[in-house]
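Step one of this worksheet: look at the structure below.
The values are calculated or read from the model by the stated rules, or taken from the named source; none is laboratory data. In this text, all values refer to a predicted model and were calculated from it rather than measured experimentally. Every residue, glycine among them, receives a Cβ derived from its backbone with ideal geometry; neighbour counts consider all protein chains shown.
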Amino acid sequence: MEIKYTSTRDKNVIVSPSKAIVTGLSHEGGLFVPTSFPKLDKSLDELSKMDYKNVAYEVMKLFLTDFTESELRGCIEKAYDDKFDTDEIVPLSEVDNAYYVELFHGATIAFKDMALSILPHLMMVAAKKNNINDKICILTATSGDTGKAALAGFAGVDGTKIVVFYPKNGVSAIQERQMVTQKGDNVKVVGIKGNFDDAQTGVKNIFGSDEMAKLAKDNGTVFSSANSINIGRLVPQIAYYVFSYVTLIKEGRINAGDKVNFVVPTGNFGNILAGFYAKEIGIPVNKLICASNENKVLYDFFKTGTYDRNREFILTTSPSMDILISSNLERLIYYIAGNDSDKCLKLMNELKTRGSYTIDDNMKAKLDTFVGGFASEDEVSERIRELYTNDSYVIDTHTAVASSVYKAYRENTKDETVSLIISTASPYKFPRAVLKAIEGKDREDSDFELIDILNNVSHVAVPKAVTDVINSPVRFDIVCDTDKMKDEVLQFL
Ligand SMILES: *Cc1c(COP(=O)(O)O)cnc(C)c1O
């Protein structure tokens, strides 16, 4: 079955998968979505005998139907190699009545590596297919982890350039250091005076600007996106939902067909949406539990049907989830609106002008797979301490949001369905918050010194990704106002 992509905001847009990947965002601001969902064409038992790369192929081939088998397998080979520190690519750990799906074994120790180690390769194949000879300039807004993962993915890739914008005071010291030490001639990193939403809005404005597109074209460049609005990010993420499910079959923990819960620490709604897509293609899912930190706009949405970003933006210890505009939710809205782009556009316009929208009861009824939950800062640190003390398992703050939400969900609902907690970062990415949770007190030491201390406390080996950045020189110290983001891009072109 050939899959085409349309825009969540304009039904007249119909493009091939490769075109959707090179374009990133549809020109009128909508997100690309498949016009229908394919189904897995291998049985769950067959899939359970495959390694990660083969599962990834079986999933991605369904969505990227204009890629040949050798193109797609080539991209997968280049992505899921020894950049990962484990052959399994995605190991599972069973701790305290749940399976932790560890997605942080890649080059930048956060789950963004799962998609961003393959996106550059998908994009180069897609560009060739669409006879694009211009350079592709990737523009990325990051709440911390996407930036580094995108930089690492695109650095040195011929025919590409990448600019990353991050909130100057909104990321951890390790995250910032990872980005500003990035090597490569085709990369640029800029801190902005604002939060993640400001960075994301700035990038969206550049994408939406005909003037910027023309100026870029004059320089032989087209813009594209590595944010999770790119379908080339979303599709690779579906693979680990399938892989973790079939791993449980392989290990005899479930039988093929048994339903499971996935608990997903959520910010921009990309990760959990991939879980929803996995369900649509045939993974038996009971609940998708959407876990928010104190920026609980999604929790409120699932509870009330009103999405309202008019609230205080809270800086938490899980900065990659400090988001009030969850871009990928638009894809779910489109779906529950019955693939009605006019209805979706209307709601997104309300979000833009009023900062809120409310879905109707029909749409709300279609959200029954989703459960919203949130964890306070205290609950997050309590959960980190609890798992460390009782199970000697050290989790990062984002994973702890999910773990805490799951614990409360299980207690409140008595739902004993086998549950998988999506683990999105290594604790070494957030050593200060993790140590504080474990020890119950702040330390004076720098984040970099805390690495060694965390190592002593946790006995978890320090990932190479961390030692590398500590020893690398800082290359970028640019900070700009949000209205100057365009100029920073133009300078780079
Ligand atoms: C990006 C990120 C998230 C949130 O993922 P979304 O796809 O934006 O919902 C959660 N945890 C970590 C560590 C992240 O980097």
What are the pairs, 6+ residues apart or on separate chains, where a residue within region 90-107 that is on the phi < 0 side of the Ramachandran plot and among the polar types (S, T, N, Q) has its Cβ under 6 Å from a residue that is away from the ligand (no atom under 12 Å from the Cβ) and modelled with pLDDT of 95 or more? SER93/TYR100
Scan region 227-235 and give yes if some residue there is within 18 Å of GLU94 (Cβ to Cβ) and surrounded by 24 or more Cβ atoms within 10 Å (Cβ to Cβ), otherwise no. no
Evaluate region 331-345: report whether one residue or more is away from the ligand (no atom under 15 Å from the Cβ), on the phi < 0 side of the Ramachandran plot and of a type in the set (Phe, Trp, Tyr). yes
The residue from LEU47, LEU116, LEU103, LEU64 that alone is more than 16 Å from the ligand (Cβ to nearest atom), within 21 Å of the chain's Cα centre (by Cα) and either buried (at least 20 other Cβ atoms within 10 Å of the Cβ) or within 24 Å of ARG383 (Cα to Cα) (or both) is LEU64
Within region 77-90, restricting attention to residues that are of a type outside the set (S, T, N, Q) and more than 18 Å from the chain's Cα centre (by Cα), which residue is nearest to VAL157 (Cα to Cα)? LYS78
Are any residues in region 301-330 more than 16 Å from the ligand (Cβ to nearest atom) and more than 30 Å from ALA173 (Cα to Cα), and if so, which ones? LYS303, THR304, GLY305, THR306, ASP308
Can you find a residue in region 385-397 that is within 22 Å of LYS441 (Cα to Cα), without any contact (Cβ under 8 Å) to a residue 60 or more places away in the chain and within 15 Å of the ligand (Cβ to nearest atom)? no
Assess whether ASP258 counts as being surrounded by fewer than 21 Cβ atoms within 10 Å (Cβ to Cβ), more than 30 Å from TYR100 (Cα to Cα) and charged (D, E, K, R). no
Based on what the data block shows, is PRO17 under 18 Å from PHE276 (Cα atoms) and either surrounded by fewer than 18 Cβ atoms within 10 Å (Cβ to Cβ) or in contact with a helix residue (DSSP H, G or I) (Cβ under 9 Å, 6 or more places away or on another chain) (or both)? no
Please specify each residue of region 251-276 satisfying the condition of being in contact with a Phe, Trp or Tyr (Cβ under 7 Å, 6 or more places away or on another chain) and either in a helix (DSSP H, G or I) or within 21 Å of THR317 (Cβ to Cβ) (or both). VAL263, ASN271, ALA274, GLY275
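For (1) under 24 Å from GLY106 (Cβ atoms); (2) not in a helix (DSSP H, G or I), each residue gets a yes or a no:
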residue	(1), (2)
LYS148	yes, no
GLY153	yes, no
PHE165	yes, yes
ASP185	yes, yes
LYS188	yes, yes
GLY202	no, no
LYS214	no, no
SER224	yes, yes
Being touching a residue at least 40 places away in the same chain (Cβ under 8 Å), closer than 23 Å to LYS287 by Cα and over 11 Å from the mean Cα position of the chain (by Cα) is true for just one of GLY270, GLY191, GLY208, GLY275. Which residue is that? GLY275
With the requirement that a residue be within 16 Å of the ligand (Cβ to nearest atom) and either within 22 Å of PRO319 (Cβ to Cβ) or basic (Lys, Arg) (or both), what does region 357-380 give you? GLY372, GLY373, PHE374, ALA375, GLU377, VAL380
Among (1) under 17 Å from ASN293 (Cβ atoms); (2) surrounded by fewer than 19 Cβ atoms within 10 Å (Cβ to Cβ), ASN412 falls short only on (1)
Candidate set from region 433-467 (those that are basic (Lys, Arg) and assigned to a loop (DSSP other than H, G, I, E, B)); member that is surrounded by the most Cβ atoms within 10 Å (Cβ to Cβ): ARG443
Checking GLU71 against (1) farther than 26 Å from GLY159 by Cα; (2) surrounded by fewer than 21 Cβ atoms within 10 Å (Cβ to Cβ); (3) modelled with pLDDT of 95 or more, which single condition isn't satisfied? (1)
Would you point out the residue of region 128-141, among those that are buried (at least 22 other Cβ atoms within 10 Å of the Cβ) and of a type in the set (Val, Ile, Thr), that is farthest from the ligand (Cβ to nearest atom)? ILE136
What's the number of the condition GLY144 fails, among (1) more than 17 Å from GLY106 (Cβ to Cβ); (2) buried (at least 21 other Cβ atoms within 10 Å of the Cβ)? (1)
Taking only region 270-295 into account, find how many residues are near the ligand (Cβ under 9 Å from one of its atoms) and under 14 Å from VAL33 (Cα atoms). 3
Residues in region 147-166 that are surrounded by 24 or more Cβ atoms within 10 Å (Cβ to Cβ) and of a type outside the set (Val, Ile, Thr): how many? 10
Confirm whether VAL489 is surrounded by 15 or more Cβ atoms within 10 Å (Cβ to Cβ) and in contact with a strand residue (DSSP E or B) (Cβ under 7 Å, 6 or more places away or on another chain). yes
Tell me, which helices (runs of 4 or more DSSP H) wholly within region 292-396 include 3 or more residues that are under 25 Å from ALA226 (Cβ atoms) and within 23 Å of the chain's Cα centre (by Cα)? 329-336, 341-354
